[in-house]
1. Calculate log10 I(q)/I(0) of chain A for q = 0.09, 0.12, 0.16 Å⁻¹, where I(q) comes from the Debye formula with a single equal point scatterer on each Cα and nothing for solvent.
2. Hey, what does the equivalent ellipsoid look like for segment B:174-232, semi-axes from the Cα gyration tensor as sqrt of 5 times each eigenvalue, largest first, whole Å?
3. How big is D, in µm² s⁻¹, for the protein assembly as shown by Stokes-Einstein at 25 °C and 0.890 mPa s if Rh is the Kirkwood radius over C-alpha pairs?
4. What are the ³J(HN,Hα) values, in whole Hz, obtained from phi via the Karplus relation 6.51 cos²θ - 1.76 cosθ + 1.60 with θ = phi - 60°, for each residue of segment B:266-283 in sequence order, with x given for Gly and Pro?
5. Along the three principal axes, how long is segment A:220-264 when you take its alpha carbons, biggest first, rounded to the nearest angstrom?
6. Relative to the compact globular guide of 2.2 N^0.38 Å, what is the alpha carbon radius of gyration of segment A:171-287, as a ratio?
7. Take the Cα coordinates of segment A:108-219, assign each an equal point scatterer, and use the Debye formula without solvent to give log10 I(q)/I(0) at q = 0.13, 0.19 Å⁻¹.
8. Where Rh is the Kirkwood radius over the Cα pairs of segment A:196-253, the temperature 37 °C and the viscosity 0.692 mPa s, what D in µm²/s does Stokes-Einstein return?
Amino acid sequence: MTNQEVKVSSGRFWRVLIYTTLIVFAAFYLLPLFVMVITSFKELDELRQGNMLSLPIHWTTAAWQKAWGSACVGLTCEGINGYFWNSIKMVVPSVIISTLLGAINGYVLTKWRFKGDRWIFALMLFGCFIPFQIVLIPMSQVLGTLGLSGTTTGLVLVHVTYGIGFATLFFRNYYAAFPTELVKAAMIDGASFFGIFWRILLPSSGPIIVVTVIWQFTNIWNDFLFGASFAAGESAPMTVALNNLVNSSTGVKEYNVDMAAAMIAALPTLLVYVVAGRYFVRGLMAGSVKG
Amino acid sequence: MASLEIRDVCKSYGNVEVLKHINIAIDDGDFLVLVGPSGCGKSTLLSMIAGLDEITSGELLIDKQVVNDLHPSQRDIAMVFQSYALYPNMSVEKNIAFGLEMRGMPKPERDKRVKDVSQMLQIEPLLKRKPAQLSGGQRQRVAMGRALVREPKIFLFDEPLSNLDAKLRVDMRTEIKKLHQRLGATIVYVTHDQIEAMTLATRIAIMKAGVLQQLGTPQEVYDTPNNIFVASFMGSPSMNLIPATLAAHQNGIAARVSRSQGNDLLLPIPHPERYQSWVDKPIILGIRPEAITDTGSAEPNNPWVFQADCHVDVTEPTGADVYVLTSLGKKEMVSRMRSNCGAVAGQSTAFAFNMAKAVLFDPHTENRI
């Protein structure tokens, strides 16, 4: 073998090794998901026989239907669909409001600088890192005073408050790289404060909007602590209902229903990633490359 | 179209004074070029005219109306930015029409104006494109179109050509000049390029470190610079500044300049009555390269042309001319001769000094005497 051939073949060796390792780890990482999916499509009898990793003998969506429509959560046996809609009703307004507020904050903090703007931004950043547990009691008092305790609206308020910090961080960094001359040009052209925002900045913010929406959506959808603390019972979000469903089994533990419910709980975030994941990475990179 | 007056305008950021008592007034239809080295405050002044920067003290008048407190959109000005600042999310057409739309002009009229302007600038085929799909020169045109379509009182240009390559820059320069002649618009134009300033302006304002050095027509600024800074900033190659001493000579006054070889050179100065008090004192003699020629191309009937032999250090042919370098008063001196003048480095040749074009500076204050 010539020198070059040695190099090529040893390169191939490493490549094979690297890909093998990656595939093994990917499979290992995906294993729980795989088990969840196949379990949710099995019949209860089949589960008792063990063989956790084998594919279902009889594929059935019975567990999914039960989880959605008739499984018992606490004392009511109407499935988790009501809670699923609770979550949607909580997530959609929270994400929209916090993203919009973050965008406006970022716009003001970069293009309408004022004295002390850095301090305001620093405080907002600080807000991102306050542990949830610390605010539980003051927050419940605030919600009580506002008459929002135990409601989805209250949860929306909590998540918007917590979301503003990160949303502002994202948009501020993105807009810092946005040419200020464009804002000046629009000012001379006669566009107003919000005119510039709606017509010039927001239409150029695609990537960072996607990043913020994904970030907020997953965080708010997956939140358990606030949901359990502020919206127990009928208005509980999906995550809390899932916990209750798993805990309120009577007699035989229906793993297939649990798994189906868990899958339903995870699907929306999965969907958001699949649809917008491409932009997520691109958006995360955009600021850093330009900056 | 309107006149513009800048009255005793100052600008400071905290304790830092970036503009000091600027006074400039131009008439309707003037093309004012603000020129100076970077950091001289010319762009800040332009921003203040646009209303994008606040005026610390002084007054700014457009069309004899004080506009200090008017929002940029109410000053009826249009600006072309160095980076063009085209809205990336809008097509060329929308970019140009945006200002009109914001002012509530009905769509049919907007479309007509956009059409007229794009015809004038020859950008009609580009109207549906986004700025990212345009070349630098095309973006430049669109940026100008966006300003033109508004038909403002005053156009502001902030180094609009500095992002273009050399050839395109010269073409666009001519085009801006043509545009000015056709529209008769009032224009304020910022540049650091003195050639751009000379070719475009009807009025040049030369600035340095926040202070206005001179305001005048290009010819005034070129022929009678107020001080050494203006003299050396305008013109390329720049004016020769030769240390000399004034001496009484025959019935008048002459500048005595030391030569590298041979005795001192005595160059008589026109209007000796102006310089009586400077006799026997050191001065700086300013004379442009093109005022020092070979004897053949000197003006034959000009009584102020004097010939002298000097040692040639270097010759730099440019094709059309040749720059002949010698040293006078221990400084390098550039003269501009015909390419066939026959000057050879290392030998002596005859130089013809047109002293009618000479200017004298005080070596201490650096101002013109």
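Taken together, the values in this text are just the output of simple stated rules run on the coordinates, not laboratory data. Note that the structure is predicted; figures quoted are calculated from it, not measured. FYI the Cβ positions are ideal-geometry reconstructions off the backbone, even for glycines, and counts take in every protein chain you see.
1. -0.62, -0.92, -1.22
2. Semi-axes, largest first: 22, 11, 10 Å.
3. Estimated diffusion coefficient is 77 µm²/s.
4. 10, 10, x, 10, x, 6, x, 4, 6, 10, 3, 6, 9, 4, 6, 10, x, 9
5. Per principal axis, max minus min of the Cα coordinates gives 31, 20, 14 Å.
6. Its radius of gyration relative to the 2.2 N^0.38 Å reference: 1.57.
7. So the normalised log intensities work out to -0.64, -1.06.
8. 232 µm²/s
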